[in-house]
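Below you'll find the structure, written out as structure tokens, and then a few comments.
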Amino acid sequence: MRSTITEMEITNIKSKENYFEELPFTDPYIVISKSGSISYMNHSFKSKFSLKEDGQLEELNSIPEIFPIYEQFIVTNYNSFNFDVQVFVKENEEYEPFNVDFKKVTIGNTFYVISMFSSLKKRQNLEESINNLFNAIDSSSLNVIIINHEGKLSFISKTFEKVLNKKIEKVYNHSLSEVLSEYISEGDAKALDEAIGSGKDWSKLVKIPDSDNVLRFYELSLKSIYSTVKAQNNFLLAAYDITSHIDKNRLTKLAEARQRLILDNISDLLLIIRKEKNTLYFEGANDNFLRVFPYSVKLKKHALLKETIPIELRYSLLEILNNPKLKGSRFKFIEPRSGREYSGKISFAEDPYEDFTFYIITMNDVTEQKAMEQKLRLAFEKELQLNKLKSAFLANMSHEIRTPLNAVVGCIDLIDEEIDAKTDDYLSELSHYLKDGVKRLLALVDNIVEVSRLESGEREFDLFRLEFVANISTIYNEYKFIAEKKNITVTYEHPAEKIYVISNDLKLRKILTELLDNAIKYNKDGGAVRIRIQEEDDSCIISVTDNGIGINESKLSAILLPFRQEEDDGYSRRYEGAGLGLTIAHKLTSLMNGKFEIKSQVDYGTIVTLTFPIYHET
């Protein structure tokens, strides 16, 4: 079928030819009438060939001649025909190969032929360039596939053939998704086809085994190349071997994981700081550090130090980091929230090629160690006290036992003498001293046994309802006369009504006996002792007050321990006694559910207060 254009369009083309500039490298063409005259030629044809407008086709200098071929073409039924000829080019003054394409058209009722002249030399140069490009690709290590606009493979480099282990004969004119089907999933293949269909780019990381069946990693990248001439998309697929990069990243991550495992298994707290241009950055920390400082869990590497660790720790570290002389020093840090104490050490390493300094801070929790040291220190001090107490006990017991024994021996000697002299009156006095010495020894032994029982914390006696006022009156009457012999006055104050308390009469007597013995023994000539009973808030309060020598306030807590006295130890003491009275009174009071309190002031006297709950019958 012939194409048709109007004569007016030909005229318009001729009239506007001077107003439009041809694109460079436009192929020459002419419009030929049926007789072979030139009806129109473009600027490229005019400049290239020695043929004038309105001339005859047979005047064109070519080998073979074009006009005879034209005459044969116009009488055939073919609509178009192309062939190769050598045409004389005036600017080069030589023959050049061209491909001539005849195409029949009808303008109005007039028959014409449009003849296009395409330079074979230019085509050969282009083909040579393309061949050179393909040869360059094949000789290089580039993995390239070219896909045409239909999505079919039209070229594959030799290196890509080796990667896929497929020759071009097997994959030529196949779809790219089909060629890569062994290495991508169905979903990826579908996405690849959609990208080619829509002219979009596509990328994928794939694993392809090499000739030794070792997996290698390739990044496939599909780029769309739009052709403005044909208004269609071709595609270029490049494969980049990133195996070494992935292996390096894998080794790096493995090394980091091993390093992290080592750091996290260090029992100490570990913090790494980097100093760059006088600025400190957080570089890393182990899990133990993050457990102690949980608000640092979201720390990011290379964050500023002031934005990470707590201000108290930062100040402790800066004091050392800003002083070059202190590098490598130890420091102490007390975590303010928990109160735990840490012993830390700072080590550093400098990079000789970069202005970097890395600081490694290790912190060891010494809270338990300090507590243990304190316990050991207290135990050691207690041991010293016990040794001192043992020495004091031996000295006191030696004195306490030796004194009555000496008295007994002395009295026996005197009895022997009196027997010889037969002085009976003096024998009764000596007998009194002997009894007194033996009583002191028995009392000492009883008190030692009593203390040993009380130290066990077990109550080996019964408690029952006891009327306090009458029981204490009996004890008061006994000690009233004993005190008078030493020129000391004892008074007793009590309410008129009876007061009942759950107690033990023998142990109550023991308590008051020890308290009254001390009140009289450590009193002054002409001194006074007062026994007083009061009721207060359902409690019975018994107080024994004296105005004797008193006790130093600093020794009040120790005075309740066994074998402790206000006086110096040994034979230099002014007062007799083993230092067991207050210990026994204190412990017996506690075992009878009472409360024991002592207050004293040197040279003013002592007051001991016992508090027991009153028993009410229901």
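Summary table below
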item	result
Long pairs among Lys507/Lys599; Lys48/Lys121; Lys223/Lys248; Lys34/Lys104, criterion Cα-Cα beyond 20 Å	Lys507/Lys599; Lys223/Lys248
Per DSSP, loop trypsin sites (Lys or Arg not before Pro) in the range 517-549 with at most 15 further Cβ within 10 Å	Lys524
√(5λ) per eigenvalue of the Cα gyration tensor, the range 509-549, largest first, Å	23, 12, 6
Note, ³J(HN,Hα) from phi for the range 164-176, Karplus 6.51, -1.76, 1.60, rounded to Hz, x at Gly and Pro	7, 6, 9, 7, 4, 4, 7, 10, 4, 6, 9, 5, 5
Base-10 log of normalised Debye intensity for the range 144-263 (one unit scatterer per alpha-carbon) at q = 0.11 Å⁻¹	-0.44
Asp101 accessible area, 1.4 Å probe, all protein chains in place, Å² to nearest 10	50
Column: log10 I(q)/I(0), Debye, Cα scatterers of the range 49-110, q = 0.13, 0.16, 0.26, 0.28 Å⁻¹	-0.40, -0.59, -1.21, -1.28
Derived scalar couplings ³J(HN,Hα) [the range 480-490; Karplus, 6.51 cos²θ - 1.76 cosθ + 1.60; whole Hz; x for Gly, Pro]	4, 6, 4, 5, 4, 5, 9, 6, 10, 9, 10
Packing-based ranking, highest mean first, of 583-591, 218-226 given that Cβ atoms within 10 Å are counted	583-591, 218-226
The range 478-521 shape via C-alpha gyration tensor axes, a/c threshold 1.5	oblate
The range 135-207 - Rg and Dmax from Cα coordinates, angstrom	12.1, 35
Mean Cβ neighbour count within 10 Å, used as a protection proxy, ranking 237-246, 201-210 highest first	237-246, 201-210
Per principal axis, descending, Cα span of the range 180-240 in whole Å	45, 21, 13
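The values are calculated or read from the model by the stated rules, or taken from the named source; none is laboratory data. Keep in mind it's a predicted model, so treat the numbers as computed, not measured. Virtual Cβ from ideal backbone geometry, glycine too; neighbours counted across all protein chains shown. These accessible areas exclude ligands, DNA and RNA; they are computed on the full protein's heavy atoms, side chains included. Shrake-Rupley method; radii C 1.70, N 1.55, O 1.52, S 1.80 Å.
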